[in-house]
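Right, one structure below, let's go through it.
FYI, it's all coordinate maths here, none of it is from the lab. The structure displayed is predicted, hence computed values, not measured ones. We place every Cβ from the backbone using ideal geometry, glycine too, and count neighbours over all the protein chains shown.
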Amino acid sequence: MKHSFGLGLAILTLIGATLHCSAANLTFADTAELESGHGVLGKHRDNLGLNKLPANKRLQIKGVDRWNSWIVRMFTPAEDAVQSFEAVMDLSHPFIRMALHYQDSDSAVYTLDGDSFEGGSSLDRLYVGPMRDYLTWNLRLPLHENLQYHGKRTLDEREYLAFFHASGDLDNPAADHYRIYLDARNLEVRLIHFTLRELAESYSGWIHYSDYRSVDGVRIPHFIAIQDGPSVESADGQNYVHRIEVQSAYWL
């Protein structure tokens, strides 16, 4: 860690309060379409090849986390603007073992298994936990219970099929909200609008998925950008907080 947990969290809280706390409630105003949602998720599974995937498979990803916001990066364990990493994740259980490889050849290893976290501080966990979500949300979408389907939505003149998910009861102020947008053309997860209430109580951001490639018959995004807004940019765009570039992916 570059700074103490208390100082880092205080500064991140100030940043979040300044930029993002107005978008805490991501529920849709209309009524969910439950039956239609089951059909869309079935096609989503087929199109991505998820039906070929055994339940006990783990995903290993090697890549880089490229940072465009040095302020946020200061309070994560990522020391380099282009941070190399390797992660092994379980899709059916909240598990990730993540190694950050630094330029001096040293590495730091973090393990998050449910509520148990080893290898770093609570602030480090606020980096490692969301990284697992970013890397596997599109694959774990059909596994989530209580998904609400809200039909077609248009963002920036692009058509999506929208789902809503909450990490707990809607009246629980600690529950995170997710709006998941599937590309209407191929049902790939394209955008996720999310809250991270552990950070600044109500941090809100966007995940943009692109460059899907087949890995043993399962389509996996190789370009994941964490952004402040929903705009879809080209690969060389700079409108991101940080972005994950997958260099290789394997099923274990």
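The P(r) of segment 119-252 has a tail past 24 Å containing 30 percent of all C-alpha pairs. Each residue of segment 113-124 is assigned a 3J(HN,Hα), and the resulting list reads 10, x, 8, 8, 10, 10, x, x, 8, 4, 5, 4 Hz, derived from the Karplus form 6.51 cos²θ - 1.76 cosθ + 1.60 (θ = phi - 60°), x at Gly and Pro. Short-range pairs are left out: with C-alpha atoms under 8 Å and at least six residues apart, the relative contact order of the chain is 24 percent.
Put simply, the amide H of residue 241, placed in the peptide plane, has neighbours under 5 Å in 226, 227, 228, leaving out anything fewer than 5 places away on its chain.
Close amide-amide hydrogen proximity is noted between residue 212 and 222, each under 5 Å apart and 5 or more residues distant or on a separate chain (H modeled in the peptide plane; Pro and chain starts excluded).
Taking 7 Å steps out from each Cα toward its Cβ at residue 239 and residue 156 produces label points 0.5 nm apart. On full extension, the segment bounded by residue 35 and residue 184 gains 51.9 nm, given 0.36 nm per residue less the C-alpha separation. Near residue 84, the amide H atoms lying under 5 Å from its own belong to 65, 101; only residues 5 or more places off or on other chains count, and H is placed 1.01 Å from N.
At 0.36 nm per residue, and after removing the present C-alpha to C-alpha distance, how many nm does the segment from residue 171 to residue 115 gain when stretched out fully? Could you put the intermediate results ahead of the total?
On the way: separation 56, 0.36 × 56 = 20.16 nm, distance 2.22 nm.
Contour length minus Cα-Cα distance gives 17.9 nm.
For segment 211-216, 3J(HN,Hα) computed residue by residue from phi via the Karplus equation (6.51, -1.76, 1.60; θ = phi - 60°) reads 6, 6, 9, 7, 10, 6 Hz, glycine and proline entered as x. Ranked for footprinting exposure by Cβ neighbours inside 10 Å, fewest first, 232, 82 give 82, 232.
Please give the length that would be gained between residue 248 and residue 104 if that part of the chain were fully extended, namely 0.36 nm times their separation in residues minus their C-alpha to C-alpha distance (nm, one decimal). Could the numbers behind the result be given before it?
Values: separation 144, 0.36 × 144 = 51.84 nm, distance 2.21 nm.
Full extension from residue 248 to residue 104 adds 49.6 nm.
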